[in-house]
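Working notes for the structure below.
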Protein chains: 2
Amino acid sequence: MILLQFDFPMTGPWGAEMAEAFRDLAEDIAAEPGLVWKIWTEAPDENRGGGLYLFETRPQAEAYREKHAARLAGMGVEGIRALIFEINRPLSQITRAPL
Amino acid sequence: MILLQFDFPMTGPWGAEMAEAFRDLAEDIAAEPGLVWKIWTEAPDENRGGGLYLFETRPQAEAYREKHAARLAGMGVEGIRALIFEINRPLSQITRAPL
């Protein structure tokens, strides 16, 4: 399994308003090929948003990274940071990781 | 719950060797106050390591961020990026997040 880490400058919406604005997008992402889960992150005080994704395979994570970066750029988002990581399983197991 | 996202330049060890080198540290981190889980991330091809943490409260995440950044600096790590995020629960629920 592969971890995809997105973060980028964002000025809102946050919280319940964000949940309302992106509900359809979340349902679309939930059906993304190979997606195990996504955690939606937000730092309103620092004007930063993001997401953490677990994918079954690296090609799926790479395809989604390209697609989502283009989607964010289309929303006017700049300064996107999107990193793909392998997971160290033995260490993650010791720290109760949900894999 | 609060998400803490660390990443930083690193030249290894990776994989099984990394798991061996940091086993004691992982056991120490597993006992960190308020830690729900940590996922250990590694990108050997990009010389980058990191970690994703779920904490019960923001003060616990902040205390750990300070402690871990100092520990990494003590290992000679520079260019540490350590961000704290809130979690958007309704959206994360739609995408099956393990919270």
Can we say residue B:99 is within 25 Å of residue A:2 (Cβ to Cβ) and modelled with pLDDT under 95?
-> yes
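Across the range B:3-14, which residue is surrounded by the most Cβ atoms within 10 Å (Cβ to Cβ) among those that are over 12 Å from the mean Cα position of the chain (by Cα) and in contact (Cβ under 8 Å) with a residue 24 or more places away in the chain?
Among those residues, the one meeting the criterion is B:10.
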Restricted to the range B:23-34, and to residues that are at the interface with chain A (Cβ under 7 Å from one of its Cβ atoms) and surrounded by 15 or more Cβ atoms within 10 Å (Cβ to Cβ), which residue is farthest from residue B:80 (Cα to Cα)?
-> B:30
The lone condition residue B:60 fails out of (1) within 12 Å of chain A (Cβ to nearest Cβ); (2) touching a residue at least 24 places away in the same chain (Cβ under 8 Å); (3) polar (S, T, N, Q) is (1)
Consider residue B:17 carefully, then state whether it is within 7 Å of chain A (Cβ to nearest Cβ), of a type in the set (D, E, K, R) and loosely packed, with under 15 Cβ neighbours inside 10 Å.
-> no
Any chance you could count how many residues in the range A:35-53 are more than 12 Å from the chain's Cα centre (by Cα) and either part of a strand (DSSP E or B) or away from chain B (no Cβ under 11 Å) (or both)?
-> 3
Residue within the range B:66-78 that is small (Gly, Ala, Ser) and within 21 Å of residue A:84 (Cα to Cα) present = no
Those residues of the range A:54-92 that are at negative phi, modelled with pLDDT of 95 or more, part of a loop (DSSP other than H, G, I, E, B) and exposed (fewer than 13 other Cβ atoms within 10 Å of the Cβ) come to a total of 2
Give the number of residues within the range A:38-53 that are in contact (Cβ under 8 Å) with a residue 24 or more places away in the chain and over 12 Å from residue B:90 (Cβ atoms).
-> 9
The one condition residue B:6 fails out of (1) at the interface with another protein chain (Cβ under 9 Å from one of its Cβ atoms); (2) in a strand (DSSP E or B) is (1)
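The values are calculated or read from the model by the stated rules, or taken from the named source; none is laboratory data. These numbers come from a predicted model, not from an experiment. Reconstructed Cβ throughout: ideal geometry from the backbone, glycine too, with neighbour counts over all protein chains shown.
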